[in-house]
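The values are calculated or read from the model by the stated rules, or taken from the named source; none is laboratory data. From a predicted model like this one, the values you see are computed outputs, not experimental measurements. Every residue, glycine among them, receives a Cβ derived from its backbone with ideal geometry; neighbour counts consider all protein chains shown. The accessibility values were calculated without ligands, DNA or RNA, using every heavy atom of the protein model including side chains. Shrake-Rupley method; radii C 1.70, N 1.55, O 1.52, S 1.80 Å.
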Amino acid sequence: MARDGFSVRRFMLDSEELDEWCERGIVAVVLALVVYAALALGGVRSTEFAVIVGFATVATGLWVARFWLNRSHRFLLHPVIWPILGFLAYATWRYTQAPVEYVARQELLHLAVYSVVFLVVVHNLHRQDPTQWTVILLVTFGTILSFYALVQLASGSEKIWWFARPQNYLRRGGATFVNPNHLAGFLVIILPLAITQV
């Protein structure tokens with residue numbers, strides 16, 4: 001009997017340890033997704049988006065494993081989730097009325113994947129340590145992209161990686177984004193994180 005109690009206690013410790021590893025895995029996969037998406041021209045092409053879907057699938061699988069390993073882990077519908085679900089429902093309704101079905105399906109798939117990633121982030125990246133690592137990585141990565149954009153601007157580079165840039169963006173630094181406004185949006189999202197970190 002004591003032996004059974006020991007094995008149950010050992011399984012509980014192992015499941016807590018595995019749950020902690022799943023949480024770390026989710027943080028690593030989500031950060032890899034963000035960095036990859038920014039480096040892969042914003043993840044707009046189908047080949048790069050397929051990798052993003054792979055990252056999102058792994059993160060979702062780890063999240064589901066956390067429900068199985070940790071019985072106290074709950075799915076909470078935070079108030080911030082309701083507008084996203086509402087917008088996803090609206091986008092699904094608009095998809096049924098789109099004149100070009102293929103393009104609408106691609107956009108709906110993008111929205112669905114990013115909504116799932118948002119749910120994973122809201123439910124798993126709320127502790128202080130993962131949040132701290134996320135902020136440090138994003139601010140460092142944003143700084144590196146800014147320097148790359150400055151080098152592009154100063155050298156008059158006509159390429160992003162090995163791809164030719166469109167003519168109307170040649171005199172603007174966009175780093176790894178085709179449209180320089182997308183780099184600006186990425187940096188504007190990171191700016192409050194950097195300010196609060198200071």
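Worth pointing out:
- Label-reachable residues, segment 41-63, where backbone N falls under 17 Å from a point 7 Å from Asn181's Cα toward its Cβ: 42, 44
- The tail of the calculated P(r) for segment 46-148, taken as Cα-Cα distances beyond 18 Å, holds 64 percent of the pairs.
- Nearest-ten-degree value, helix 101-124 long axis tilted from longest Cα axis of the chain: 50
- Relative contact order of segment 129-198, pairs being alpha-carbon contacts under 8 Å that are 6 or more residues apart, as %: 33
- You can think of it this way: the chain between Ala32 and Ala98 has 20.4 nm of extra reach, that is 0.36 nm per residue less the Cα-Cα gap.
- Carbon + sulfur, % of accessible area of the chain - ligands and nucleic acids excluded, 1.4 Å: 69
- Against the main long axis of the alpha-carbon atoms of the chain, helix 128-155 sits at an angle near 20°.
- Distances between placed amide hydrogens fall under 5 Å for Ile160 paired with Arg165, all partners being 5 or more residues away or on another chain.
- Accessible surface, the chain, averaged per residue in Å² (probe 1.4 Å): 65
- Summed over qualifying helices (DSSP H, 4 residues or more, each -39500 (n - 2.57)) and divided by its residue number, the chain shows a 222 nm mean residue ellipticity of -26500 deg cm²/dmol.
- The alpha carbon centroids of segment 70-140 and segment 141-170 are separated by 29 Å.
- Three-way shape call for segment 128-198 based on the alpha-carbon gyration tensor, with the a/c threshold at 1.5: prolate
- Taking only the alpha carbons of the chain, we obtain Rg and Dmax values of 20.6, 76 Å in that order.
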